[in-house]
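Undergrad: Shown below is the structure under consideration.
The values are calculated or read from the model by the stated rules, or taken from the named source; none is laboratory data. Source: prediction; values computed, not measured. Virtual Cβ from ideal backbone geometry, glycine too; neighbours counted across all protein chains shown. Heavy atoms of the whole protein, side chains included, go into the accessibility calculation; ligands, DNA and RNA do not. Shrake-Rupley method; radii C 1.70, N 1.55, O 1.52, S 1.80 Å.
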Amino acid sequence: MSKEVMIVTGAGQISLAIARRMGRGKKIILGDKSKENAAAIADILTKAGFDVEPVVMDMSDRASIQAMVEKAQSCGEVTAMVCGAGVSPSQAPIEVILKVDLYGTAVLMEEVGKVIARGGVGVVISSQSGHRMPALTPEQDRALAMTPTEELLSLDFLQPDKIRDTLHAYQLAKRCNEKRTMYEAVRWGERGARINDIAPGIIVTPLAIDEFNGPRGDFYKNMFAKCPAGRPGTADEIADVAELLMSERAQFITGATFLVDGGATASFYYGPLQP
């Protein structure tokens, strides 16, 4: 029996939380580079009554992304996408961050956008980090949004010698996610579908715990301590926003980014987190 299909990338806590909210009655294709992580999250969802199939998928490889999308199409009509895959500044070198978080996310949006059903919807998980980077020029923003995906990593300002460190690479990748979401919203709209971006702040996940214990751990702990919320967030709080954006109540919302960071960005510009 053919079902509506939901593509989820990144076998992490945010992807899991959103899948639990929005995956009822759908076939969930769960892609992750780690076979073990994908199987573990799929097992949790399956035991909770969801129809999940884990697949090994490399976000840095277009052919791997295409194979996952083809697998999804073989199961039914693709009506939803959640892009939760990525690596953090403490987990990978500059080149890998750009290849996975920047290029891979752009490819995923593009490939799913070719097949998304009318009425379909996508959510991309970026980061507050892209909002703390100094403004790019209008030409650079436009290049991040509109450069053909296979040419993105050739942009002059994305060359490793122009990037200070892994945090700067991560910020550029997340800025690209947001600009690319705007660009893809126009293409998805031609198919009667929508796509939006959520930029979380410090959310307690295994990835965040890596950051807390990494070289910038004190920086991150200070950030959530001095943000208006006074605490880190949870994956379920990100899923709250995703649930709205992926529902019929959000039919007029597409190409937008929602900053969900407990006010950390506000504090960075206008409060005690000012550098």
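Undergrad: Grab the helices (runs of 4 or more DSSP H) fully contained in segment 1-81, keeping just those with 2 or more residues being under 21 Å from Ile195 (Cβ atoms).
TA: Hits in segment 1-81: 13-22, 62-75.
Undergrad: Which count do you get for residues in segment 128-147 that are in contact with a Phe, Trp or Tyr (Cβ under 7 Å, 6 or more places away or on another chain) and not charged (D, E, K, R)?
TA: Total satisfying the criteria: 4.
Undergrad: Okay, next question. Which one of these is in contact (Cβ under 8 Å) with a residue 40 or more places away in the chain, open to solvent by less than 30 Å² (accessible area, probe 1.4 Å) and within 25 Å of Ser247 (Cα to Cα): Ile28, Ile41, Ile18?
TA: Result of the check over Ile28, Ile41, Ile18: Ile18.
Undergrad: Still on this model: Of the residues Thr46, Thr79, which single one is over 18 Å from the mean Cα position of the chain (by Cα), more than 26 Å from Lys162 (Cβ to Cβ) and either open to solvent by less than 30 Å² (accessible area, probe 1.4 Å) or not small (Gly, Ala, Ser) (or both)?
TA: It is Thr46.
Undergrad: Kindly list the number of the only condition in (1) touching a Phe, Trp or Tyr at 6+ places or on another chain (Cβ under 9 Å); (2) open to solvent by 10 Å² or more (accessible area, probe 1.4 Å); (3) closer than 24 Å to Pro200 by Cβ; (4) in a helix (DSSP H, G or I) that fails for Glu150.
TA: Evaluating Glu150 over (1) touching a Phe, Trp or Tyr at 6+ places or on another chain (Cβ under 9 Å); (2) open to solvent by 10 Å² or more (accessible area, probe 1.4 Å); (3) closer than 24 Å to Pro200 by Cβ; (4) in a helix (DSSP H, G or I) leaves (3) as the failure.
Undergrad: If you don't mind, there's one more thing I want to ask. Wholly within segment 161-275, which helices (runs of 4 or more DSSP H) include no fewer than the required count, namely at least 1 residues that are more than 27 Å from Leu144 (Cα to Cα), touching a strand residue (DSSP E or B) at 6+ places or on another chain (Cβ under 7 Å) and open to solvent by less than 40 Å² (accessible area, probe 1.4 Å)?
TA: Hits in segment 161-275: 235-245.
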